[in-house]
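As structure tokens, the structure follows; a few thoughts come after it.
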Amino acid sequence: MPSAFLHPFAKPTRESFVRIVRGEGALVWDSDGNELVDGMASLWYCAVGHGRDEIADAISAQARVIAAYSCFDPFTNDPAEQLATELHGIAPMDDSRVFLCCSGSEAVDTAMKLARIAHVQAGQPQRKLIISRTRGYHGVNYGGTSAQGIAPNRENFGPFVADVVQVPADDVEGLASLMAQHSDTIAAVLTEPVQGAAGIYPPEEGYLQSLRKLCDQHGAYLIFDEVITGYGRLGSWFAAHHFGVRPDLVTFAKGVTSGYQPLGGVFVGPGPRAALERDPDFFLRHGFTYSGHPVACVAALTNLAIMRREGLVERALHVGAQLSGGLRSLAADGVIDHTRGEGAMWAAGLRPDQNAMAIRDEMLRRGVICRAINTDTLTFCPPLVITDDQVGRIVDTLAAVAGA
Ligand SMILES: Cc1ncc(COP(=O)(O)O)c(C=O)c1O
């Protein structure tokens with residue numbers, strides 16, 4: 001009999017799960033006492049590592065003062081204001097404002113809605129079309145599911161939000177002609193700078209720059225979904241910095257708190273910001289009960305302070321070099337087919353005779369967590385505090401299992 005907990009992204013009939021009971025740095029332990037190297041920072045988010053008393057203490061202290069209070073008009077709170085100011089300082093665009101919510105999915109739906117309503121406020125109410133890419137993952141709310149580029153994640157959930165279309169992931173020409181066809185009805189182009197959940201696909205050289213140019217040419221907003229790449233994963237605060245491309249809206253979640261509390265948000269850059277602020281009588285009818293939740297905001301502030309103090313953004317490059325070096329040598333030896341990635345997020349592309357799920361299960365049995373995607377990909381996105389030895393354990397275990 002399955003338990004009462006209906007699990008996310010799992011077969012409803014599955015009865016047994018690996019029960020994680022404790023964590024410390026890049027290690028976690030299951031209920032049988034097995035030590036596991038967390039090669040995925042849980043689900044791409046635990047940048048500062050597990051077991052940080054400092055964040056637990058900050059959460060507890062805030063909960064004792066005021067655990068939660070609405071930020072709907074007319075209220076606000078200090079942690080939310082402080083966090084927005086802090087994020088403003090590291091944002092990838094000048095003069096941005098920060099909308100806060102509770103997850104990446106909420107952030108994506110927020111960005112899609114803000115893009116449309118900002119065009120209305122700017123006097124272009126016909127701009128509704130949102131274009132995303134195949135292989136894109138944008139969460140599971142209806143906006144994000146409609147923009148979803150991973151076909152099985154859409155199946156049987158329709159009908160979807162109207163006027164949201166996908167283009168083939170790397171086809172600039174195709175996108176250019178679609179945009180030329182629909183020019184003044186386009187609200188936004190939505191993309192992950194590095195596609196993550198589909199199996200880690202960095203952009204082809206110049207691709208993101210081309211998106212920026214096309215959006216400028218057609219008056220559309222460029223939305224970067226930085227739910228995975230934000231907060232240091234690529235060795236800079238945001239992928240927008242890393243690739244030198246300035247988007248109009250940026251979604252984030254995961255790494256902003258390293259998962260110690262659920263928190264997401266959207267940076268609203270100068271273009272959409274000016275549109276939203278244009279009419280003093282305009283009232284933004286969008287927000288979540290927990291937008292600006294003070295406990296989540298102090299978790300983020302403490303997480304960001306740790307990242308700065310320990311130089312974890314820069315450390316992503318070291319972690320990435322260790323990991324990609326190991327994977328490259330496995331590819332050179334034919335143990336895996338190839339590797340692809342950027343910063344501290346890397347994939348092992350497998351040979352046709354290998355099976356990702358079987359390798360993942362055996363690696364788990366030997367004490368290493370990675371993620372299997374389709375039959376041909378394993379992904380690695382460890383906490384940025386992972387030691388060289390622990391990266392070595394990931395690579396050696398993959399070598400032993402995939403090479404068997
Ligand atoms: C790029 C991207 N966008 C959105 C999401 C959805 O975030 P959440 O699961 O917090 O709703 C994810 C989650 O993995 C993601 O990788």
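The values are calculated or read from the model by the stated rules, or taken from the named source; none is laboratory data. Just so it is clear, the structure is predicted and the values come from calculations on it, not from any experiment. Note that we place each Cβ from the backbone using ideal geometry, even for glycine, and neighbour counts take in every protein chain shown.
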Exercise for review: Would you point out the residue of region 210-233, among those that are touching a Pro at 6+ places or on another chain (Cβ under 8 Å) and among the aliphatic types (A, V, I, L, M), that is farthest from the ligand (Cβ to nearest atom)?
Suggested key: Leu222
**Study point:** Number of the exception - Ala240 against (1) touching a residue at least 24 places away in the same chain (Cβ under 8 Å); (2) of a type in the set (Gly, Ala, Ser); (3) assigned to a loop (DSSP other than H, G, I, E, B)
**Key:** (3)
Review point. Cβ-Cβ below 7 Å, separation at least six or inter-chain, first residue in region 208-233 and under 16 Å from His182 (Cβ atoms), second away from the ligand (no atom under 16 Å from the Cβ) and of a type in the set (D, E, K, R): which pairs?
Key: Gly219/Asp184; Tyr221/Asp248; Leu222/Arg212; Leu222/Asp248
Study note, to complete from the structure: Scanning region 98-114 residue by residue, those within 16 Å of the ligand (Cβ to nearest atom) and farther than 17 Å from Gln148 by Cα turn out to be Phe99, Leu100, Cys101, Cys102, Leu114
Check your understanding: Within region 210-221, can one find any residue that is crowded, with 24+ Cβ neighbours inside 10 Å, within 16 Å of the chain's Cα centre (by Cα) and on the phi < 0 side of the Ramachandran plot?
Key -> no
Check your understanding: Of the conditions (1) under 21 Å from Phe238 (Cα atoms); (2) part of a loop (DSSP other than H, G, I, E, B), Phe72 fails just one. Which one is it?
Key -> (1)
Check your understanding: With respect to the numbered conditions (1) buried (at least 24 other Cβ atoms within 10 Å of the Cβ); (2) under 20 Å from His242 (Cβ atoms); (3) in contact with a Lys or Arg (Cβ under 7 Å, 6 or more places away or on another chain), which one is the sole condition not fulfilled by Leu378?
Key -> (2)
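Would region 124-135 turn up any residue that is part of a loop (DSSP other than H, G, I, E, B), over 22 Å from Thr229 (Cβ atoms) and touching a Pro at 6+ places or on another chain (Cβ under 8 Å)?
Checked against the condition, which is being part of a loop (DSSP other than H, G, I, E, B), over 22 Å from Thr229 (Cβ atoms) and touching a Pro at 6+ places or on another chain (Cβ under 8 Å), region 124-135 yields no hits at all.
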Study note, to complete from the structure: Subset of region 164-203, residues free of Cβ contacts under 8 Å to residues at least 60 places away in the same chain and either under 25 Å from Lys254 (Cα atoms) or within 16 Å of the ligand (Cβ to nearest atom) (or both), comes to Val164, Gln166, Ala169, Val189, Thr191, Glu192, Pro193, Pro203
Practice item. Quick one: which residue in Pro262, Pro272, Pro280 is within 18 Å of Lys113 (Cα to Cα) and either assigned to a strand (DSSP E or B) or modelled with pLDDT of 95 or more (or both)? Key: Pro272
